[in-house]
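Trainee: Shown below is the structure under consideration.
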Amino acid sequence: MAVIEVRDIHKRYGDTVAVDGVCFDVEAGEIFGVLGRNGAGKTTTVEIIEGLRTPDSGLVRVLGLDPVRDHRALRTVLGVQLQEGALPDKATAGEMVRLYRSFYADGADPDRLLGELGLDDKRDTFVDELSGGQLQRLSIALALVGKPRVAVLDELTSGLDPRACRDTWELIEQVRAAGVTILLVTHFMDEAQRLCDRIAVFDRGRIAALDTPDGLVARTHGRGGASLDEAFLAMTGADDEGDGLDDVLGGAGLDEADRARGDADGQVWS
Amino acid sequence: MVRRDTAGLVIPLGLPLLLLVMNGSGDSPPVPGLDGMSQQLAYVLPMVIVLTIATVGVINMPSFLATYRRYKILRRLAVTPARPSMVLVAQAVVGLAQAFAGIVLVVVAAAVLFGLSAPADPLGLVVALALTTTAMFALGMLVAAVSPTPNAALAIGLVSFFVLMALGGGFGPRGNLPDGVAAVGAYLPFGAGLDTLMAAWTGGPLDVVQLGALAGVTVVAAAVSARLFRWE
């Protein structure tokens, strides 16, 4: 049985369609990537899975639980790392992990968990004094302290330096090795390629493609050799919003005649 | 608490004490039947006690909760088995501790410096204190519920606080206000809290309608804020 089942979910905010018929399954023990540009519907989809939002239509099950109806049961088996920090400044790393541990009936030992995440000597450090990488590891610790069976990690390595990224990736592989199914939201190709068993590429509220990293590359370019970057760009289409920065910035301070000439030039080019 | 909200402690601990010392030392006739306690002290002490509860409840608490919302701290808690309502309870407990510290400070100061007598009606005092606290804290929850940002929470909290204080007799006796305004002020939490605390301390009868007004504000503000409160 799939650990996460998503069946044809739709979500709109006013006139904006955020999610438009998304379907996928995540199997037990998998690292499943959700890849896409900003505004592609990744975060809304993930928030529906977490039970933070209700879909307009469609069905979601996580370990057989309905995220809205069974939200209480879901909370005990789902570990979540949110995109934003969401931690108070003047609490120490140790206090945060012990506080979050207290929310769960069964969970990991806070000290051992901090040790495993390399935060041993940061136990008494305030949240606002941690580096970006340390903060990220703390938020992973908080996602894992309840011994979840499924973890959702949203933009895990945004803002981290390459070294911290690599350390975080190793950590995620260890978490998977411990039997946790992982849903990983990212917009970094190298991260998706390195970690994910399968990737769903989101574009404008839909899944443009769903395959293994190698499969995605082969799909666009026939065979290997190309990168996931190129495959991703080919699948999510060109940037068609706006007329380009030239048109916005050009023409400032020009008189009417110059502006007319500029328009004519624009037509020649397009 | 000190480390996390240093600025938030200055007003509830400092201002009431300052007002007490600056106002309590005047020459005024003693209250009949209470040895040594002056008319001035009999008014200023309950006033600064209500002021302490109001600053904590209406100004500090909502700005904290709005900050939690702004930084998505409540949203993060919403995806754990913890109930976000635990945060409200915890915040109220911290607020109670702050108010308690401020009140103990002014009462001790009044006893040591100005020969404060023991309250004439201790049970009435407990009832008046409890209802004033629940009314102010419920109003604070309402401010937190309707404020979109921490800045708005602070602004709405401060304005509400000063309106309540002005109408309730915090800037001088309500007798100086126009009759209609004074009458309204007597049943808003500041005025009702002030009158009932003063009555309990000096042995005058407690006005049941004022106690009822405090209870009413508690119930209505708590119910409305529970309906309007947004976790994110």
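Just so it is clear, none of the values below were taken in a lab; they were calculated from the coordinates. Source: prediction; values computed, not measured. Virtual Cβ from ideal backbone geometry, glycine too; neighbours counted across all protein chains shown.
Trainee: With charges set only on the Cβ (+1 for Lys and Arg, -1 for Asp and Glu), what does the dipole of the range A:84-147 come to about its Cα centre, in debye to the nearest 20? Walk me through the numbers on the way to the answer.
Mentor: Working: 8 positive and 12 negative charges, 37 e Å.
That gives the range A:84-147 a dipole magnitude of about 180 debye.
Trainee: Helix by helix through chain B, keep the DSSP H runs that span 24 Å or more along the axis on Cα and average at least 1.0 on Kyte-Doolittle, and give those back in order.
Mentor: Values: long enough: B:6-24 (27 Å, 1.82); B:84-114 (45 Å, 2.23); B:122-146 (36 Å, 2.10); B:150-168 (26 Å, 1.90); B:208-228 (30 Å, 1.77).
Once both thresholds are applied, what remains is B:6-24, B:84-114, B:122-146, B:150-168, B:208-228.
Trainee: Is the range A:1-74 rounded, prolate or oblate when judged by the Cα gyration tensor, a ≥ b ≥ c being the square roots of its eigenvalues, rounded requiring a/c under 1.5 and prolate requiring a/b larger than b/c?
Mentor: Working: a/c = 1.97, a/b = 1.30, b/c = 1.51.
Because a/c hits 1.5 or more and a/b fails to exceed b/c, the range A:1-74 counts as oblate.
Trainee: Can you flag which of A:K42/A:K122; A:K122/A:K147; A:K11/A:K147; A:K90/A:K147 are past 28 Å Cα-Cα?
Mentor: Details: A:K42/A:K122 32 Å; A:K122/A:K147 22 Å; A:K11/A:K147 30 Å; A:K90/A:K147 26 Å.
Pairs exceeding the cut-off: A:K42/A:K122; A:K11/A:K147.
Trainee: When N is the residue count of the range A:84-147, what does its C-alpha Rg come to as a fraction of 2.2 N^0.38 Å?
Mentor: Numbers: Rg = 10.4 Å, N = 64, 2.2 N^0.38 = 10.7 Å.
Relative to the rule-of-thumb radius for its length, the range A:84-147 sits at 0.97.
Trainee: So for each of B:129-136, A:201-208, B:7-14 I average, over its residues, the number of other beta carbons within 10 Å; can you give me the resulting order with the highest mean first?
Mentor: Working: B:129-136: 24.2, A:201-208: 20.9, B:7-14: 16.5.
Result, highest mean first: B:129-136, A:201-208, B:7-14.
Trainee: Separate question: What does the average come to when, for each residue of peptide B:67-79, you count the partner chain Cβ atoms lying within 10 Å of its Cβ?
Mentor: Details: counts 2, 2, 0, 0, 6, 6, 5, 1, 6, 11, 4, 7, 15.
Taking all residues of B:67-79 together, the mean is 5.
Trainee: List the relative contact order of chain B as a percent without decimals, with contacts defined as Cα pairs under 8 Å and 6+ residues apart.
Mentor: Details: 345 pairs, mean separation 62.3, N = 232.
Contact order relative to length: 27 percent.
Trainee: Okay, next question. Tell me the label-point distance for the pair A:Q174, A:D121, using the 7 Å Cα-to-Cβ offset, in nm and rounded to one decimal.
Mentor: Inter-label distance under the simple model: 1.7 nm.
Trainee: Now, a different point. Would you tell me the mean number of C-beta atoms belonging to other protein chains that fall within 10 Å of each C-beta in A:103-112, as a whole number?
Mentor: 1
Trainee: At a 10 angstrom cut-off on C-beta neighbours, averaged per residue, how do the peptides B:199-206, B:147-154 rank from highest to lowest?
Mentor: Taking the mean over residues of other Cβ atoms within 10 Å, the ranking is B:199-206, B:147-154.
Trainee: Quick one: divide the alpha-carbon radius of gyration of the range B:76-198 by 2.2 N^0.38 Å and tell me what you get. Provide the component values of the computation, followed by the final result.
Mentor: On the way: Rg = 17.3 Å, N = 123, 2.2 N^0.38 = 13.7 Å.
Taking N as the residue count of the range B:76-198, the ratio is 1.26.
Trainee: Of B:V209, A:V22, B:A138, which is farthest along the charge dipole of the protein assembly as shown in the positive direction, counting Lys and Arg as +1 and Asp and Glu as -1 at C-beta?
Mentor: B:V209
Trainee: For B:S38, enumerate residues with amide H under 5 Å from its amide H, sequence gap 5+ or separate chain, H modeled in the peptide plane.
Mentor: B:V31
Trainee: Please give the peptides B:70-83, B:88-101 ranked by average Cβ packing (other Cβ atoms within 10 Å per residue), highest first, as a rough proxy for protection. Walk me through the numbers before you get to the answer.
Mentor: Values: B:70-83: 19.1, B:88-101: 16.9.
Ranked from most to least packed, the peptides come out as B:70-83, B:88-101.
Trainee: I'd like the Karplus ³J(HN,Hα) series for the range A:16-31: coefficients 6.51, -1.76, 1.60, θ = phi - 60°, whole numbers in Hz, and an x wherever there's a Gly or Pro.
Mentor: Ordered by residue, 3J(HN,Hα) equals 8, 8, 8, 10, 10, x, 9, 10, 6, 10, 10, 8, 4, x, 8, 9 Hz.
Trainee: For peptide A:70-80, how many partner chain Cβ atoms fall within 10 Å of a residue's Cβ, on average?
Mentor: Partner-chain Cβ atoms within 10 Å, mean over residues of A:70-80: 2.
Trainee: Can you compute the helix-only [θ] at 222 nm over chain B? Use -39500 (n - 2.57) per DSSP H run of at least 4 residues, normalise by all residues, nearest 500 deg cm²/dmol.
Mentor: Working: 10 runs with 168 residues, N = 232.
Helix-only estimate at 222 nm: -24000 deg cm²/dmol.
Trainee: Over all distinct Cα pairs, what is the inverse of the mean 1/r for the protein assembly as shown, reported as the Kirkwood hydrodynamic radius in Å?
Mentor: Working: mean 1/r = 0.0373 Å⁻¹.
For the protein assembly as shown, inverting the mean 1/r across all distinct Cα pairs yields 26.8 Å.
Trainee: If you don't mind, another one. Would you work out if the range A:47-87 is rounded, prolate or oblate? Take a ≥ b ≥ c from the square roots of the eigenvalues of the alpha-carbon gyration tensor; rounded if a/c is under 1.5, else prolate when a/b is larger than b/c, oblate otherwise. Please list the in-between numbers first.
Mentor: On the way: a/c = 2.47, a/b = 1.41, b/c = 1.76.
Because a/c hits 1.5 or more and a/b fails to exceed b/c, the range A:47-87 counts as oblate.
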